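Structure record follows, encoded as structure tokens.
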Amino acid sequence: MLDREDYLKVIYDSPTPCMWASFIKHENEKSCDIEVIGTNKELDNIAEKEILKKHKYKINSGKYSDLFSKADKLNEIKELSIVDFVDILGSFYQIDIRHIYDDKYIVWFTKKIELDENIKLLLNKIGTAIWCKDKYGRYVYLNKSLDLYPNATPNKIVGKTDFEVFPEQEANVFVKGDEKLLAGELESMESLTFFNGNCYCGLNHVIKNDGDIVGTIGMCIDTLRRKNLINEEISDTKMLELISDTIPDSIFFKDNSGIFRHCNKVFAQSMNLRKEDILGKSEEQINKSKSKIKKYKKEEEQIRLLKQTIISNHSQKCRDGSTKYFETVKVPFLDEHEMVGGVLGISRDISHRKEAELEFERLRMEFFANLSHEFKTPLNLIFSSIQLIESMIDRGYDSSKYITYTNIIKQNGYRILKMVNNLIDSTRLNSGCLELNKQNYNIVEFIENICESVQNYANEENIRVIFDTNVEEKIMAFDLEKVERIMLNMLSNAIKYTKEKGQIEVSLNFEEEYLYIKVKDNGVGIPKDKLDDVFKLFKQINNRMTKLSEGSGIGLSIVKSLVDLHDGTINVYSKKGRGSEFIIKLPISLCDEKECSRKIPKYNKYVENIDIEFSDIYTSTK
């Protein structure tokens, strides 16, 4: 049997690194010291720094206190094993500790914990950072250096914690993620993090041994620089989700069944819900407004069937009494084969833009008010002069010297007045400031009187105006002044562009719910490629200008707006050289007496309106 000296000699020459030492426990038993008695040759060879004999090394890890507390009690325990980072050896080892006698122990470093060289070679070629940590958060392995952090290299990081390697803010993020894994709350976790100026998609997973969690393994991908790495789909999805949540507009996506498959935080907040409460549900499950549900369903069905984009605006009252304005754009979600996969919607707050538009509109209205004043001042002087001349004629002065000129002055005065009225009315219509004053009235009699009144202008061109109706009397609600304006404009256009001895037909056709007003002429017609421009503001169809007549291109635009005010429609059908037909469709209804306007146009005002509307027909001066 070997004596102590021989035993120590065998240990000293052993190829397995080891030391023999005394463990000194402190009273609080939360820490202990190790006093090195001796080391063998192999340990001295692999140690990164000199191991001082008779020197006491501090051990703060609680697991050692527990370990040697058990060893003292068992005294003759065969062997205790632990895996730990050995600072003086610069790596993780399996440490086998055996009690010899009293407080003396022999410590064998039996196995260095590291990856196979072939595996390390493969991981190094992947090009993304991969690491392993033990359950105490210390790095066991790192395959590549992380730029800008001097301790984040494969050689220096092993045995260190995140707080010893990275700035505190980044270290806190990493540690919190590991804590959830090590506590068994999650098996794995994914995250998207802006780190060191780049965006990384991280993936962490627990490492288990016989069912016990012994550490974590992780990897991170630079999503902005590396586009063809492992788990590219994961990083792209996380990146898009982060981008979506960062956008200040509401974003949502519904599949063809109307189920929400994606929404961002802003959309969820606008619904006073969490994203988790919306995804996987339909509009009926999250929206209490039946009218909105019906409206959205109709819009989205149209988008899916016709592949159209729908843009809508709506306002919302805030608690502080202010009004917010929103614009929502919904588009079909198409794949590369133009197949519809759902509806994508974006809604944004346009309150600032709306306020700017309203301010611009106020300034424009102010401008036109000033402009009209500047126009009307000289007009008043013109008409005053006309009245003076006419009074002189009435008193016996030679009328032959004045009549021609007074007619010219009057007609051109009416033309300027017509242009002023058109400019003002088009502005008021576009800004929504022109009110509709409906009253219950016999529309058949009203339109027939207009046709008879314009016959004098038509006769000067040998043009017949024919009126026809399928009902002799019909009381319905309409704005008398607006309908008068519509009919006068339609008839003046028909007379302007109808040749001598031509014919204009005005017909009323009453159906159950609608009145159809048709104004048809056999004049020069409108080219097919110009039909879409007929109702546009300031647009003139020059091809029709085959006779000496004038116009601003405002009239038909105003007609369409006035028809729209009545919730009606207007369409034009025409062939060049064969004439044109305008068809106005108005809903038939009655208004309550309380809501009806009592204003009836005066006869002299009625006649003046005809003179103004027909002022740009030169033949009226004959």
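The values are calculated or read from the model by the stated rules, or taken from the named source; none is laboratory data. Just so you know, these numbers come straight off a predicted model, no measurement behind them. Note that each Cβ is placed from the backbone with ideal geometry, even for glycine, and that neighbours are counted across all protein chains shown. These accessible areas exclude ligands, DNA and RNA; they are computed on the full protein's heavy atoms, side chains included. Shrake-Rupley method; radii C 1.70, N 1.55, O 1.52, S 1.80 Å.
Taking 8 Å as the Cα distance limit and 6 or more residues as the minimum spacing, I'd like the relative contact order of the stretch 272-338 as a percentage. Taking the mean separation of contacting Cα pairs over the length of the stretch 272-338, I get 23 percent. The listed residues His205, His566, His262, once ranked by accessible area (1.4 Å probe) with the largest placed first, stand as His205, His262, His566. In order along the stretch 176-188, phi translates into HN-Hα couplings of 4, x, 5, 4, 5, 5, 5, 7, x, 6, 9, 7, 8 Hz, rounded to whole numbers, per the Karplus curve 6.51 cos²θ - 1.76 cosθ + 1.60 with θ = phi - 60° and x for Gly and Pro. Averaged over its residues, the stretch 376-485 has an accessible area of 54 Å² per residue, based on protein heavy atoms and a 1.4 Å probe. For the stretch 510-534 and the stretch 419-433, write down the distance between their C-alpha centroids in whole Å. The two parts, judged by their Cα centres, are 23 Å apart. Computed on protein heavy atoms with a 1.4 Å probe, the accessible areas place Tyr397, Tyr101, Tyr325 in the order Tyr397, Tyr101, Tyr325, largest first. For the set Arg304, Arg319, Arg353, the ranking by accessible area, highest first and with no ligand, DNA or RNA atoms included, is Arg319, Arg353, Arg304 under a 1.4 Å probe. Using 0.36 nm per residue and subtracting the Cα-Cα separation, the extra length available between Met392 and Asp6 on full extension is 123.8 nm. Heavy-atom surface analysis with a 1.4 Å probe gives the stretch 240-355 a carbon and sulfur content of 53 percent of its accessible area.
For the pair Asn407 and Glu179, label points projected 7 Å from Cα toward Cβ lie 9.9 nm apart.
Convex hull volume of the Cα atoms of the stretch 385-476, normalised per residue: 187 Å³.
Centroid-to-centroid, using Cα positions, the stretch 103-181 and the stretch 256-275 are 40 Å apart.
Here's how it looks for Thr469: its modeled amide H is under 5 Å from those of Leu508, which are all 5 or more places away or on a different chain. Each listed q (0.13 Å⁻¹) maps to a log10 I(q)/I(0) for the stretch 242-298, found by the Debye formula over equal Cα scatterers with no solvent: -0.31. May I ask for the distance between the Cα centers of the stretch 555-581 and the stretch 435-453, given as a whole number of Å? Value for the Cα centre distance between the two parts: 18 Å.
Taking every protein chain into account, the 1.4 Å probe leaves Phe163 with about 100 Å² of accessible area, to the nearest ten. The figure for Ser322 is an accessible area of roughly 50 square angstrom, using a 1.4 Å probe on the protein chains alone.
Note: relative contact order over the stretch 372-522, using C-alpha pairs below 8 Å and six or more positions apart, is 20 percent. Amide H contacts of Lys576: Ile526, Lys528, each under 5 Å away and 5 or more positions distant or on a separate chain (H built 1.01 Å from N in the peptide plane; Pro and chain starts excluded). Of all DSSP beta bridges confined to the stretch 453-519, the antiparallel ones make up roughly 45%.
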